1. In Å and whole numbers, how far do the C-alpha atoms of the stretch 54-124 stretch along each principal axis, longest first?
2. Going out from 0 in 5 Å bins, what whole percent of all Cα-Cα distances in the chain drops into each bin?
3. Could you give me the percent of Cα pairs per 10 Å distance bin for the stretch 47-94, shortest bin first, beginning at zero and ending with the bin that holds the maximum distance?
4. For the stretch 103-118, take each phi angle, set θ = phi - 60°, evaluate the Karplus expression 6.51 cos²θ - 1.76 cosθ + 1.60, and give the result in whole Hz per residue in order, putting x for glycine and proline.
5. Give me Y65, Y7 ranked fewest to most by other Cβ atoms within 10 Å of their Cβ, as a rough exposure proxy.
Amino acid sequence: MSEVRSYRDLVVWQRAMDVAVATYALTRDFPREELFGLTSQSRRAAVSVAANIAEGYGRASKQSYLNFLRVARGSLKELETHLMLAERIGLAGSDVAGPLIEQSEEVGRMLHGLIDRVQATPSR
């Protein structure tokens with residue numbers, strides 16, 4: 001395992017960025033009337049995951065870091081809900097939404113593991 005010198009070295013952050021990029025690609029094809037609805041909400045939730053991992057990493061305390069990681073996990077669940085809704089109402093096919101939901105679930109498992117590891121370490 002390589003040394004983590006930045007949040008950019010965290011695989012969970014890298015995967016969260018991949019999910020955000022894929023979300024932007026998916027929502028690009030949403031109808032214009034969804035621009036301020038599901039398109040915006042999905043993109044904001046996706047961006048929030050990686051952004052909160054990064055912001056938490058830069059905080060001075062373990063508790064603050066954990067709080068931001070938990071917010072990231074909440075945003076991830078919000079994104080999954082948006083993706084499932086987009087699939088249910090026909091804005092996204094299961095061939096596209098399904099793999100993105102799976103990617104999101106993988107990030108969720110990674111976040112859970114990171115939260116457990118941070119909780120187990122002595123305070124910074």
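1. Sorted largest first, the three principal extents are 47, 16, 13 Å.
2. Computed distribution, short to long bins: 2, 12, 22, 23, 16, 11, 8, 5, 2, 0.
3. Percent of pairs per bin, in order: 30, 34, 22, 12, 2.
4. 4, 4, 5, 5, 4, x, 5, 5, 4, 4, x, 5, 4, 4, 5, 5
5. Details: Y65 22, Y7 17.
Ascending number of Cβ neighbours within 10 Å: Y7, Y65.
Any read-out appearing in this document is the output of simple, stated calculations on the displayed coordinates, not a laboratory observation. Predicted model, so just to flag it, every value in this text is computed and none were measured. Because the Cβ atoms are built from the backbone with ideal geometry, glycine has one as well, and the counts that use them run over all protein chains shown.
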